[in-house]
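The values are calculated or read from the model by the stated rules, or taken from the named source; none is laboratory data. Keep in mind the model is a prediction, meaning the values are calculated, not measured. As a convention, Cβ positions derive from the backbone with ideal geometry for all residues, glycine included, and neighbour counts pool all protein chains shown. Ligands, DNA and RNA are stripped out before the accessible areas are found, and what is left, the full protein with its side chains, is counted by its heavy atoms. Shrake-Rupley method; radii C 1.70, N 1.55, O 1.52, S 1.80 Å.
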Amino acid sequence: MSPFSLRLVVNALRAFSGAPALSFSATAGSCLAIVNDRAECLSVVADMLVGQTSVHAGRIEVDGTDITALPAGRRPCVLAGWRDPLFTHMSVQANLAFALRARGAGTQAVAARVRAVLALLGLDGLENASPLSLTREQALRVMIGRVLVLDPAVLVLEDPFTSLPPVSRVAMRRLVGRLVQARGLCVVLLTREREDALLLGDTIAYMSGMEIVQTGTALDLFDRPACDRVATGFGHANSLTVRVASIDDDVARAHLPGGLPVEAMAAPDVAADQLATLCIRPDRIAVIFPTRPGMAVSADPDEPPLLEATLTDLRQMGDHVLLRFRLANGEELLARRPPAPGLQRVKPGQTAMLAWQPAQAIAFPFRGEMG
């Protein structure tokens with residue numbers, strides 16, 4: 001099979017009557033990252049993929065074969081995650097061998113396969129260790145190894161890096177990345193962490209509740225979000241409710257409560273004299289700390305409007321500075337700027353001017369007014 005062939009195809013899968021239909025696909029030698037901040041929703045997706053729960057409707061195919069009705073033990077999709085802990089009364093080696101022995105594999109075949117997986121996952125020397133003596137990183141490696149011994153077509157990882165210390169998170173992300181590339185694995189990574197998806201996902205699907213609202217590359221989700229839920233949930237954009245005054249050449253000219261002018265690109269279905277949700281990422285906001293008053297409105301109509309704001313908080317985050325502002329109407333905005341000597345002299349309470357180019361923001365239909 002070509003490493004770019006479709007391996008997993010999920011079509012209109014529904015967990016229950018009335019649930020949104022889930023459709024996505026993944027190729028061999030790639031990672032599909034599904035991001036959702038609700039762990040229970042990720043668990044439902046995982047259980048449907050591996051057969052731990054039945055589906056209400058839809059179809060799951062692996063390598064062109066419909067596996068929707070197959071029980072968990074016979075599916076080519078396997079799951080590794082913290083909901084399925086190791087057998088604490090067995091050694092690491094026995095945990096790895098368990099599934100193979102349950103399927104009737106011979107002693108020599110089991111031993112050879114276990115040795116290979118131990119080496120692959122960096123577990124040499126831990127064959128006889130008790131799971132209770134392992135670090136969380138080592139335990140996760142064994143959990144993954146316990147299903148890799150079956151040589152699955154699709155590996156489903158459910159929030160695998162949860163509660164790992166930072167160094168272990170980095171190491172395990174690298175390990176999963178190597179498994180995808182070196183073994184041509186098809187991995188479905190279910191995660192609450194955007195960073196996991198960015199570092200491992202060849203394709204990213206962003207979920208809101210049980211609905212996949214957008215699938216694409218990281219660039220798609222960052223720069224071309226399908227709706228305000230993607231812009232705020234995945235892109236961490238600021239969200240402002242505005243009233244659209246006019247739309248010219250796809251640019252929406254709008255006003256915040258209190259009459260403050262703003263501009264953004266208009267998404268489809270945004271119309272004049274209606275409410276909209278304006279989304280602007282913190283790193284797209286220009287910040288000016290003026291040395292003189294009277295700069296609240298730009299004199300040049302071709303320049304983006306300037307918003308007067310008060311700095312309420314400033315945090316050094318290492319590779320960037322996070323600034324929190326309060327606008328004159330009481331709304332708050334976050335801005336993200338590179339570290340600069342000038343910012344070291346800035347203190348909460350100072351007045352600033354905020355601006356952005358229209359192309360850097362998007363106005364979406366206001367969902368509160370949508371039928």
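The table for this structure:
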read-out: When residues of the stretch 304-318 are limited to those that are open to solvent by 40 Å² or more (accessible area, probe 1.4 Å) and not hydrophobic (A, V, I, L, M, F, W, C), the one modelled with the lowest pLDDT; value: 318
read-out: Residues satisfying the stated conditions in the stretch 266-280, i.e. crowded, with 19+ Cβ neighbours inside 10 Å and either touching a helix residue (DSSP H, G or I) at 6+ places or on another chain (Cβ under 6 Å) or under 12 Å from residue 357 (Cα atoms) (or both); value: 277, 279, 280
read-out: Of all residues in the stretch 151-164 being assigned to a loop (DSSP other than H, G, I, E, B) and in contact with a Lys or Arg (Cβ under 8 Å, 6 or more places away or on another chain), the one that is surrounded by the fewest Cβ atoms within 10 Å (Cβ to Cβ); value: 163
read-out: Test result for residue 216, touching a residue at least 12 places away in the same chain (Cβ under 8 Å), farther than 24 Å from residue 162 by Cβ, within 13 Å of the chain's Cα centre (by Cα) and open to solvent by less than 40 Å² (accessible area, probe 1.4 Å); value: yes
read-out: The stretch 104-125, subset among the charged types (D, E, K, R) and surrounded by fewer than 17 Cβ atoms within 10 Å (Cβ to Cβ), residue farthest from residue 150 (Cα to Cα); value: 124
read-out: Answer from 75, 101 - the residue that is open to solvent by less than 20 Å² (accessible area, probe 1.4 Å) and at pLDDT below 95; value: 75
read-out: Matching entry among 358, 290, 301 (being at pLDDT below 90 and surrounded by 13 or more Cβ atoms within 10 Å (Cβ to Cβ)); value: 290
read-out: Single match in 43, 23, 30 (criterion: of a type in the set (S, T, N, Q) and open to solvent by 50 Å² or more (accessible area, probe 1.4 Å)); value: 23
read-out: Residue within the stretch 8-16 that is out of contact with any strand residue (DSSP E or B) (no Cβ under 6 Å at 6 or more places or on another chain) and free of Cβ contacts under 8 Å to residues at least 12 places away in the same chain present; value: no
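Residue by residue, here is whether (1) in a loop (DSSP other than H, G, I, E, B); (2) among the hydrophobic types (A, V, I, L, M, F, W, C); (3) over 20 Å from residue 39 (Cβ atoms); (4) touching a Leu at 6+ places or on another chain (Cβ under 7 Å) holds:
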position: 142; (1), (2), (3), (4): no, yes, yes, yes
position: 145; (1), (2), (3), (4): no, no, yes, yes
position: 171; (1), (2), (3), (4): no, yes, yes, no
position: 182; (1), (2), (3), (4): no, yes, yes, no
